Amino acid sequence: MIKVSPRTAVIAGASSGIGLALARMLASRGFRLVLLARRRELLEQIADELPGDVITEVMDVGDVSAPEDFARVLDELGTVDQIYLSAGTGHLNPGLDWSLEDETFRVNALGFAGMAAAAYRFFERQGSGHLVGITSIAALLGSAEAPAYNASKACASRYLDGLRMRARAAKLPVYVTDILPGFVDTAMMKAEKPFWVASPEKAAAQIISAVDRKNGRAYVSRRWGVVALLLRLLMK
Ligand SMILES: NC(=O)c1ccc[n+]([C@@H]2O[C@H](COP(=O)([O-])OP(=O)(O)OC[C@H]3O[C@@H](n4cnc5c(N)ncnc54)[C@H](OP(=O)(O)O)[C@@H]3O)[C@@H](O)[C@H]2O)c1
């Protein structure tokens, strides 16, 4: 009998919310998982709870050494099929407290791009792979209450566009999917009057379905795609 090795998925930001829901769903699909975040105890608890092979790595994606550390983790794993970048932060910051703006840019923009570049370079060498970045519908417009959050998500989203263009130009079977969630019921959801709120499980199911279809971009839940279309028409 031929033994098929399990596919490997790496999730950055797997200790809660959307990343955790992705971990649960991918574990149930038989993936070998590598879970990254800062909260070690939570990661270990999750690894104990999940079926199958689970590796945990404590990492702060806002650290300057994160891209290098991430590249080393990927090299040690050998083959990796999918990398999900869900780690992110955000604050309502009407007072423009710079420490909050600075943290947001460091994690969501610089940190995200560093992790995405490390992931892409790994897939380029490997000759295949699927990079999935969780950005936000916030990437599509500015925000008076959370200017750094929306700007950092726009940066992350454009960075993914660049990597996708690079993979296409190289004619490599490397796929890059940008996931733009609207509101998802997690600790991150800070809006005063959220609407069309999806559960993390629903978000994870729609993300995995977009990955299965190799979509370049997907709105979660799907109805946010209509908002994106209207925004694009209004901005013309
Ligand atoms: N919830 C929403 O309504 C919504 C909407 C649009 C986009 N998003 C995006 O979805 C992604 C996931 O957020 P969520 O909703 O699932 O919220 P969440 O439950 O707060 O999850 C955030 C995850 O990111 C990790 N993280 C935060 N800062 C990190 C850092 N410096 N280094 C490493 N890991 C870090 C957290 O783990 P540790 O704290 O253990 O490090 C946690 O696992 C974020 O990028 C967010 O911007 C969320």
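The values are calculated or read from the model by the stated rules, or taken from the named source; none is laboratory data. Treat the numbers as computed from the prediction; the structure is a model and nothing was measured. With ideal geometry, Cβ positions are generated from the backbone for all residues, glycine too; neighbour counts draw on all protein chains shown. In case anyone asks, the SASA skips ligands and DNA or RNA and just uses the protein heavy atoms, side chains included. Shrake-Rupley method; radii C 1.70, N 1.55, O 1.52, S 1.80 Å.
Some notes on this structure:
- Each Cα pair under 8 Å and six or more residues apart adds its separation to the average, and for the chain the resulting relative contact order is 18 percent.
- Listed peptides 9-16, 97-104, 188-195, 151-158 by packing density, highest first (mean Cβ within 10 Å): 9-16, 151-158, 97-104, 188-195
- Solvent-accessible surface of the chain, averaged per residue with a 1.4 angstrom probe and all protein chains in place: 50 square angstrom.
- A dipole drawn for the chain from +1 and -1 charges on Cβ atoms has a positive end, and of 204, 50, 98 the residue lying farthest that way is 204.
- Debye, to nearest 20: dipole size of the chain, +1 on Lys, Arg Cβ, -1 on Asp, Glu Cβ: 1300
- Candidate lysines for bridging to residue 202, where Cα separation is under 26 Å - those fewer than 8 sequence places away on the same chain excluded: 153, 190, 193, 214
- Angle between the chain longest axis and helix 40-49 axis [Cα atoms, degrees, rounded to 10]: 60
- C-alpha center-to-center spacing [the stretch 22-86, the stretch 169-225] in angstrom: 19
- Projecting the Cα atoms of 167, 70, 83 onto the charge dipole of the stretch 8-234 (Cβ charges, centred on the Cα centre) puts 167 farthest toward the positive pole.
- Accessible carbon and sulfur surface of the chain relative to its total accessible area, %, 1.4 Å: 56
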